[in-house]
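Reading through the structure tokens given below for one structure.
The values are calculated or read from the model by the stated rules, or taken from the named source; none is laboratory data. Please read these numbers as outputs of a predicted model, since none were measured by experiment. In this analysis, Cβ positions are derived from the backbone assuming ideal geometry, glycine residues included, and neighbour counts consider all displayed protein chains. Quick note on the areas: whole protein, heavy atoms, side chains included, nothing else; ligands and nucleic acids left out. Shrake-Rupley method; radii C 1.70, N 1.55, O 1.52, S 1.80 Å.
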Amino acid sequence: MDQAPAKEVTIENKRSCSGEDCANDAGNLQCPTCQKIGKESFFCGQDCFKRNWSTHKTLHKAQNSMLSNLNLTRPKVISEPDADGHFNPFPSYPFTGPLRPNYPLSQRREVPERIRKPDYASHGIPKSEQAFVGRRTIKVLNKEEQEGMRKVCRLAREVLDIAAREAKPGVTTDHIDKVVHDACTERDSYPSPLNYCHFPKSVCTSPNEVICHGIPDQRILQDGDILNIDVTLYHGGFHGDLNETYYIGASASQNPDNVRVVEAARDCLSESIKLVKPGALFRDYGNTIEKVAKSRQCGIVKTYCGHGINQLFHCAPNVPHYAKNKAVGEAKPGMCFTIEPMITLGSYKDKTWPDDWTSVTVDGSRTAQFEHTLLVTEDGVEILTARLADSPGGKVEMPGEVVANGQANGTS
């Protein structure tokens, strides 16, 4: 989320500064987003506001989600349910493409008591990520912690592959959510997205023009769709995160635009991973990603970035996917982080649906993403979420291309 400048208001009584690390009295500066949602949060100055923005902004999504759960922000216009009881909760919203949400959402899925849970599982707020002390420090994992990351990432790969085998025409994204949830709990793992900042489901499913954070619902997958499935597990105190974009049905991989954006995203990730080694700068991966994307006439989403991952779902470092970014830091052995470029056929700009999660392209163009969790080693990198020999999906050639023997290539 972009940072907005704080607005000046007049106050009479002294208030404490809302900065996590600040003991000063508040001045006349209030967060503009908090004003919009009816929440008071004053800061002692712009520097304090900027310094605390990354943690403060998580309260906005939590507040919006809590208000939604209380039915205090219901849309002014609602659509009539169809014969199956399904409806679009935001019929007056100016959608950028043909995709529409298909509600009602299924009930929140339960996680057995025996399974270890992250701190946000019950109340939705990742307090461990908001701690100010050491927040910008990039953690170096010891050998035992590295083994913990290897295990959870292997489990995450298993779960993604199970979900991908279910992604076919006629299946709802809610069904995929159930498959992921059950596969996680069968492995004594918590599905990390569930209730993270009040996200309502156990996996993110992002079809067609959805860039990321798509909420599984009653929409039925169609032949010709592309679908990103983003899986994260929490097991043994560690998170493992990965995603891939899949072709839905036989016609999807015969569509040149589908193949262009999906394979561009796949190649952007694989080429950037080749750079990962001790001493590599986090700002440099974006240069390679942008070069690959532009060579396919594709755009690169700038709003979202890769992130550190370990005992925390999201932490330092930030890993932007575009060129000439200002990311600080360099890779060191023992660090874990993700690279997850989001590539578009059209504009790189994004827009968020009224559900506060679903991010779509502003022009409705299709988009694809791939992600791996990476461990920096002494001489390079270990892809902790690497594909297995029998993982579904995989690279597809552009329809109609001619291969070395002179015959037209099909698709797999």
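Observations on the model:
- Solvent-accessible heavy-atom area per residue, rounded to whole Å², over the chain at 1.4 Å: 46 Å²
- If R0 is taken as 35 Å, the Cβ-Cβ distance between ASN142 and LYS277 corresponds to a FRET efficiency of 0.95.
- Our coupling estimate for the range 104-112, obtained by passing each phi through the Karplus curve with A = 6.51, B = -1.76, C = 1.60 and θ = phi - 60°, is x, 6, 5, 5, 4, 7, 8, 10, x Hz, Gly and Pro reported as x.
- The trypsin sites (Lys or Arg not before Pro) of the range 297-365 that DSSP puts in a loop, and whose beta carbon has at most 13 other beta carbons within 10 Å, are LYS324, LYS326.
- Loop sites in the range 166-246: GluC sites (Glu not before Pro), DSSP, at most 14 other Cβ within 10 Å: none
- In the range 289-379, chymotrypsin sites (Phe, Trp or Tyr not before Pro) in a DSSP loop with at most 16 other beta-carbon atoms within 10 Å: none
- Cross-link pairs LYS168/LYS351; LYS274/LYS324; LYS302/LYS326 - those with Cα-Cα distance over 21 Å: LYS168/LYS351
- Residues within the reach of a label modelled at ASN287 (point 7 angstrom out along Cα to beta-carbon, backbone nitrogen below 13 Å), restricted to the range 323-345, are 323-327.
- Choice from HIS372, HIS56, HIS239 with maximal GNM fluctuation in the chain (Cα, 10 Å cutoff): HIS56
- Alpha-carbon centroids, the range 329-359 and the range 226-279: separation in whole Å: 12 Å
- Karplus-derived HN-Hα couplings along the range 328-333 (A = 6.51, B = -1.76, C = 1.60, θ = phi - 60°), whole Hz, x at Gly and Pro: 10, x, 9, 6, 9, x
- Free-standing Cys residues across the chain, given no other cysteine C-beta under 4.7 angstrom: CYS48, CYS153, CYS184, CYS197, CYS204, CYS212, CYS268, CYS298, CYS305, CYS315, CYS336
- Carbon + sulfur, % of accessible area of the chain - ligands and nucleic acids excluded, 1.4 Å: 50 percent
- Interchain or long-range residues, amide H under 5 Å from HIS307's placed H: VAL319, THR338
- Residue of VAL396, VAL231, VAL276 that the Gaussian network model of the chain assigns the largest fluctuation, springs spanning Cα pairs under 10 Å: VAL396
- The phi torsions of the range 272-280, fed into the Karplus equation with coefficients 6.51, -1.76 and 1.60 and a -60° offset, translate into couplings of 5, 4, 4, 8, 6, 5, x, x, 5 Hz, rounded to whole numbers, with Gly and Pro shown as x.
- Summarising the strand pairing of the chain, around 100 percent of its internal DSSP beta bridges are antiparallel.
- The listed residues ARG219, ARG157, once ranked by accessible area (1.4 Å probe) with the largest placed first, stand as ARG219, ARG157.
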